[in-house]
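S.K.: Please see the structure below; I have some questions.
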Amino acid sequence: MTLEPTPQTSTGKKIGYVRVSDTDQTEDLQVDALKLAGCDVIYGDHGVSGAIRVRKGLDEMLTSLEAGDTLVVWKLDRLGRSTIHLLQLLDDLRRRGVDFQAITQGIDTTTSVGRMLYGQLAVFAEFEREQIRERTKAGMAAAKARGKHIGRPRKLTEDQIAYARRQLATQRDTVAHMATSYGVAPITLSRAVKTTESDVDSLFSI
């Protein structure tokens, strides 16, 4: 469901995000905490497990963020579906100049301690990217040694589609460039971005 946010400037906003599953009873608690933290607008996913890869509310929230904004969540587990996913999201925020707060865990990257955390996350995120590159190279080498064809375009994952949607929505990349990096035709990526939708409620408002 959607409610209108209050008027605000283009930068320096506090953006909240909540996620609740069907059995979760913390929705009101999360929203109240985000309001108290001064959030200008709150996005959310209702009835969604943290393990779900594509969450419409999360996707729209990430697209709305601008440099100078602060993303606020009640707890870290509301944001990422896994440690690696959370790490990737936080590193992406850091690169975009977006601060982050997790209320119950006292994490706040607008402080000196929080900025140090961002620095540590960057190191771990780069390590994970390097591990992925090495595993990909090793897998391709092993497949080639077995005589398997490597050039067939691979199917896009839900993570890739969600990331592409954010990049294209904010004009930070092009279909042609992203399709090349994914090893698929531009039309394949365009169709995936246009047709992949989530059926969950996506926006909450103050």
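S.K.: What is the packing order of peptides 32-43, 183-194, taking the mean over residues of other C-beta atoms within 10 Å and listing the highest first?
M.R.: 32-43, 183-194
S.K.: Can you give the extra length, in nm with one decimal, that the chain gains between Ile187 and Ala138 once fully stretched, where that is 0.36 nm per residue apart less the Cα-Cα distance?
M.R.: That pair, Ile187 and Ala138, stretches by 14.7 nm at full extension.
S.K.: Could you put Ile84, Ile15 in order, starting from the residue whose Cβ has the fewest other Cβ atoms within 10 Å?
M.R.: Ranked by crowding around the Cβ, least crowded first: Ile84, Ile15.
S.K.: Can you tell me how much longer the chain between Lys75 and Asp28 gets when fully stretched, taken as 0.36 nm per residue apart minus their C-alpha distance, in nm with one decimal?
M.R.: The Lys75-Asp28 span can extend by a further 15.5 nm.
S.K.: Within a 10 angstrom radius of the beta carbon, how do Thr104, Thr70, Thr63 rank from fewest other beta carbons to most?
M.R.: By the 10 Å Cβ count, ascending: Thr104, Thr63, Thr70.
S.K.: Quick one: which of Lys13/Lys56; Lys75/Lys137; Lys155/Lys194; Lys13/Lys75 span more than 26 angstrom between C-alpha atoms?
M.R.: Lys75/Lys137
Any read-out appearing in this document is the output of simple, stated calculations on the displayed coordinates, not a laboratory observation. Note that the structure is a prediction, hence the values are computed from the model and not measured. Positions of Cβ are generated from backbone atoms using ideal geometry, with glycine treated the same way; all protein chains shown enter the neighbour counts.
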